[in-house]
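Contents: one structure, followed by commentary.
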Amino acid sequence: MKTLSKSTFGLFAALILVLSLANTQSARAFVQRGKNLAASTPPLLSNIQAMELGGTHTCALTAEGGVKCWGSNFSGELGDGTTFNRFAPINVSGLSNGITAISTGSEFTCALTNNGEVKCWGNNAYGQLGDGTTVNRHTPVNVIGLSGTIIAITTGHSHACALTTDHIVQ
């Protein structure tokens, strides 16, 4: 038996809601507006090298090495200096180029720079941003205490790890 993804389930739930209201004029107008919008809306992003899905947000790495994020921003995980949710991609503050990899956790995001530094932002309840505090950050901060040349990063629900050229995980 095939299971539905959360996003597919959400679309089906919305469709069921619309169909349950389909006998009303406003529901038919809502469906038509959606069709018109979908036909005329340009893609949100182009020339994307990688995407990461967090708990309730998404980030993309551009071909220029910039980072764009959208979705929930409760803890500053979009990195734009606010906690406003965004329905369209926005630039992460200070990361318009020079990024080689991104990774998203539950409510935080990290980026690897082309010179081997790691920057993180968002929820920091468990110190997962690596800045020596447990203060949420709404813009990227440098991870401190890493040694060696970092070549990869990864995140979990509430933690992050970095891999060095010497194959050491920090």
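The values are calculated or read from the model by the stated rules, or taken from the named source; none is laboratory data. This is a predicted model, so every value here is computed, not measured. Positions of Cβ are backbone-derived with ideal geometry, glycine not excepted, and every protein chain shown enters the neighbour counts. Note: areas computed on protein heavy atoms with side chains; ligands, DNA, RNA excluded. Shrake-Rupley method; radii C 1.70, N 1.55, O 1.52, S 1.80 Å.
Say a paramagnetic label sat at a point 7 Å from the Cα of SER158, along Cα to Cβ; which residues of the stretch 129-147 have their backbone N under 19 Å from it?
Correct set: 129-138.
Would you work out the charge dipole size for the stretch 43-147 about its Cα centre, treating the Cβ of every Lys and Arg as +1 and the Cβ of every Asp and Glu as -1, and quote it to the nearest 20 debye? Walk me through the intermediate numbers first.
On the way: 4 positive and 7 negative charges, 17 e Å.
Dipole size: approximately 80 debye.
Rounded to the nearest whole Å², what accessible area per residue is found for the stretch 50-170 with the 1.4 Å probe? Don't skip to the end; give the middle numbers.
Working: 5670 Å² over 121 residues.
Computed with neighbouring chains in place, this is 47 Å² per residue.
Once you sort the root eigenvalues of the Cα gyration tensor of the stretch 89-170 as a ≥ b ≥ c, which label holds: rounded (a/c under 1.5), prolate (a/b larger than b/c) or oblate (the other case)? If you can, show how the numbers build up before the last one.
On the way: a/c = 1.69, a/b = 1.17, b/c = 1.45.
Note, shape of the stretch 89-170 comes out oblate.
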